[in-house]
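To keep things clear, I will list the structure first and then write my remarks on it.
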Amino acid sequence: MAPPRAWIMLKGSDWTKVPLETDKYQVDDVDDLKEAIKSKLPDIITFSASLLTIKAVKKVNIYKPEDLQALKSQAEELKGQDSLAFVILTFDVADREGLVDAQGEINDAVARKVFAENIWLFVELPTRDHPAPELEYERTWKKPRLDEDSFILWSIFDFKWWFPGNQPKLLLPIPKSQTVLTEGNVTIYAGDGVSVGMSEFSIIVNGGFSFVDKTLLISEFIESSTTVALVVRPRRFGKTTNLTMLKNFFSFPIHPDNKKRRLELFKGSKIQTQNPRLFKQYFCKFPVIFISFKDFHDCNTWERMQAKVRGILAALYKEHIYLYDRLDQIEKKRFNLVRTEEKYPRMGDALKDLSEYLTDYYGRQCIVLIDEYDHPLDVAFHHNFYPAACDHFSTLLGSLLKDNDLNVKKGLLVGVNRVAKTGYLSDFNNVKVYPMFARRFSDKFGFTEEEVATLLRHHKKDEYTDEVKEWYDHYKVADDTHLYNPWSVINFINEGTLESHWTATGNTRTIKKLIWYSGESFKEEAALLIENGTIDVELKNNLSYEDLFLHHDDALWTLLYYAGYLTHDADPYSTGTTSYDRDTYNRHMMFNDAIAIKVRIPNNEVFQEWVGWLQVPNAPKLSYVVCTLLDGKLGEFHDLLFRTVIGDLSFNDVGGSNSGKKSETFYHGYMLGWLAQARFNGCSVKSNREGGLGRYDALIESLRDRKAALMEYKIRKNTHKPTIEAKAEEGLTQIERKRYRSEVSDEIEQLVELGIAFQGKMVAVVGKVYEKTDGIWVENEYARYNGKGKGSVEDGDDDV
C-alpha cells in the first residue's frame, strides 16, 4: 500500500502532493509537515522550514475557481507543535476510525492516513515583509530572472520542447557576503551552522553555512601543466563541492546578475585576496561542461544505465539551449536528438559536439568538470555488464577529452578509484593522476588539522579536539600532512556525537563481498593489519576490475586504499625529501605496474568498518562478548557463538559437512572479525602468532582487568574423524602441549583457555579457567566447561 500523501497548494502554484511517510521520516506534527514541504521546494530557496505558513481546511467538493477562493478564506493557520491528530479533531473529521486505541493513545499511522484523505493545505512562502527580507519570490512572466543552471529560452522556437514543469528557477537577490574568519593560513566562511548533505558550493555559501576556504584549488588547477587532471579521493571528501566551486568561478554568466551574485560567493576568499590578477583574468570567462555520474545506483541493467546517460546528456543540452539559434540545420538536428533522449548512432560524440558548439559561441575553449567519473564502472562491475559500460564511456569521454585541444582548455575529473589505464580512460595520453600521496592538490580535498581546529573553535566544540582527531584524522597525504574526513567532522559539529558518520553513508557491498571471499593470504595480512597496525602491500598503478574479480590481493588492497579504508604510513618516495627521490618515484610509477607501500587503518571510525566487514551482521555486541569470555562464563560464550553461527552463516560460506581449507580460512577470518574490536575495549588482540612451541590462533588480554583468553580453533572435516567435541578437546590440549601459556603477560591473574571446533554450522566449545596463585597457574575446577556441539551439519554434502 502506498504511503499517505497530503494535497498542498503553494502560493501561486498548482496542487502537488507531499508524502507523510517515507523511508527517511514520518510526519507526526505540523513542524514535520513543514520539513516535508520544504524538501519539495527548489534547492536554491534556502530559508528555514519554520518560516512557512500552513493553513488547513477540510476537503469539500468544488466546481469553479470561486469555490476554491472561498475555501482559502476559510482555511485556518496551523501551529508548529500541533499534531496531525489534533488537526483532524479540530476540523471534526468524521471518518477517523482507529485514530484512538482502547487505552486512549493516538495511532500515528492512522492519523497520517486520515489527514491525507480529509485535509487540504495552503502554503505561503515568506514575503519581503518577513524577517527574512533577503528572499524574493516575485513572479513575473514578462521579464523572468533566470538562473543559468535551468535556462529556458522564452522566445520558444520549437513547441515540442515545452512541457509542464519547464518553469524557471527564480533568482534570489544578490546575497550579503558571509563573515570571513582567518587564523594563520586557514580561512573559513564563518556561518551559524554547518551544511549536512548539501554539496553545491553556492547553496552552502548563500545558506549561511560554515565553509572551509579551498579556493586556492582554482589557481593550482589553472597553473598545473596538465591538460586533464584526475584526482582520486575517498567518497565524501569534498570533491563535489570543489567541482561546483570551480563551475561557479569559471562559467560565463547567462544573466548579468549572475556575475554579481557569484562575485559575492568569492568575496574575501583566498583566491581573491592572494591572487587578484588570476582572479580577474579567469573569473566568469569560460564555457563550462559540468557532468556528475553520481546517480547511477539504480542502474542494475545495461539498458537502465544507457537511459540514465541519455537523460544526463539531455539535461546538459537543456542547460545550454541558448546555443540553438547559432547552429546550422545538421547541428540543430543532432541537438534535438540528444535533447529529446532519443537513441542515435552518434551519441558517443554528444559531449565533443557540445564542446564545439560552446567554443564557437563564446570564442573560448571549455573547462570540463566530471564528478564521480568511476561510479558507472563500479555499478556495472557489480551488476555484471562491465565490458559494455567500459566501451560506452570510453567513447563518450574519449571523444571529449582526447585530441580535442581546440575545444577543451583544461579538464578535472574526480572519483574514488584509479582506473585510468584499465577503465574507460585506457587510451588517454593526456590524463595525469593525482592520488593521496601526490603533492599537487594534496590539501585541497579533506580538512587539515589547522582547518578542523578553526572550525571547532568557531562552533564552540574545541574541547573535543583530541577525540575528533582520534576518530576522524590520520589520512596521510604528501609532506607528512594529515587530513580529516570532512563529512565526519561536519556531522560531529552538527550532532555533537563521536560515531561512525562517514562509513554509514556508503554502499560497501562490493568490498565486503571481495573480502569475505578473498584468499587465505589476504585474510592473514588483514589479521596482521588489525593486530600490528601496519602492513606492507603493493598498490597497483592502475586498478583492474578484472583483477578484483579474480581475487588478486594487490587489486583489493589498492581498492581499499583509494576508497579511504587505508592510508599510507610513509610517503612512497620517503627514502628522502629531495627532488631526486620524487623524480625516481615518478619514473617508477610511469614504467611499473605497482609500488610497495606501508599502509594502516587511518582512524577509529574506519576501524569499526573493518570489524564490520569481518563480522557477521547480527553478532552480539562486542563488549558483551569480550566480558563474557574474559569473565570465564564459558557456557554463555558458547551460546553467543552458536547463535551467531547458526543464524548468520551459510553452508556456502563454510564448505558444508566435508569442510576443508576454504572453511579453515573462513572461520579464522570470522573469529578475527568477531573479536578484533576488543582493541577498543582496552584489550590487545594477537592472532596466528608464534608462541611456545607453535602458533596459537588467538590471544586476548585486558591488562586493565588482568584477564586473558587463549583460543585454538579446529575444523572437523568429515564424519569419519573424531566427534566435534573431540576436536574441541584436541584444541584445548594443544594449548597446554605447545606451551602457548608462556605468551601471556605477567600482569594477567585470570586466564581462560578454549578449544573451539567447527563443522558446517555446528560449533563445540571446551575450556578451563585458571587463576594465578603465588605466580603459579591453578585451575578452577568448578569453571571447567565441556560444551556439546550446537548447530547443524549439511546432510549429504561431501563438497568443500
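Here are some notes:
- FRET efficiency, residue 773 to residue 723 (Cβ-Cβ, R0 30 Å, nearest 0.05): 0.30
- Ordering of 780-788, 309-317, 632-640 by burial proxy (mean other Cβ atoms within 10 Å per residue, highest first): 632-640, 309-317, 780-788
- About the centre of its Cα atoms, segment 461-505 shows a dipole size close to 200 debye [charges on the beta carbon of Lys, Arg (+1) and Asp, Glu (-1) only; nearest 20 debye].
- For residue 785, net neighbour charge (Lys/Arg +1, Asp/Glu -1) across residues whose Cβ lies under 14 Å away: -3
- Ranked by how many other beta carbons lie within 10 Å on average, peptides 116-122, 384-390 from highest: 116-122, 384-390
- Under Karplus coefficients 6.51, -1.76 and 1.60, residue-wise ³J(HN,Hα) of segment 458-473 in Hz, glycine/proline x: 4, 9, 6, 10, 5, 5, 9, 4, 5, 5, 4, 5, 5, 7, 10, 8
- Theoretical gain in end-to-end length, residue 180 to residue 15 [0.36 nm per residue, Cα-Cα removed]: 55.2 nm
- Along the axis of the charge dipole computed for segment 253-348 (Cβ charges of +1 for Lys and Arg, -1 for Asp and Glu, origin at the Cα centre), the listed residues 300, 288, 271 are led at the positive end by 271.
- Total formal charge among the other residues, if their Cβ is under 11 angstrom from that of residue 564, Lys/Arg +1 and Asp/Glu -1: +1
- Note on residue 781 and residue 636: their simple-model spin labels are 2.5 nm apart, each label 7 Å out from Cα toward Cβ.
- The ratio of the alpha-carbon radius of gyration of segment 461-505 to the globular-protein estimate 2.2 N^0.38 Å is 1.15.
- Counting 0.36 nm for each residue step from residue 462 to residue 536 and taking away their Cα separation leaves a gain of 23.1 nm.
- Placing unit charges on the Cβ atoms only, positive for Lys and Arg and negative for Asp and Glu, gives segment 227-360 a dipole magnitude near 720 debye about its Cα centre.
- Residue-span extension gain [residue 103 to residue 569] - 0.36 nm each, minus C-alpha spacing: 161.6 nm
- Note on residue 117/residue 297: beta-carbon distance plugged into 1/(1 + (r/R0)^6) with R0 of 25 Å gives a FRET efficiency of 0.15.
- Straight-line reach from residue 17: taking Cα to Cα under 26 Å and skipping same-chain neighbours fewer than 8 places apart, the lysines in range are 34, 38, 40, 55, 58, 59, 64, 72, 79, 113, 169, 308.
- Taking the Cα centre of segment 702-745 as reference, the dipole from Cβ charges on Lys and Arg (+1) and Asp and Glu (-1) amounts to some 100 debye.
- Ranked packing of 352-361, 240-249, most packed first, by mean Cβ within 10 Å: 240-249, 352-361
- What the Cα convex hull of segment 303-438 gives, in volume per residue, is 112 Å³.
Taken together, the values in this text are just the output of simple stated rules run on the coordinates, not laboratory data. Quantities reported herein were computed from a predicted structural model and do not represent experimental measurements. Counting neighbours? That spans all protein chains shown, and the Cβs are built from the backbone with ideal geometry, glycine included.
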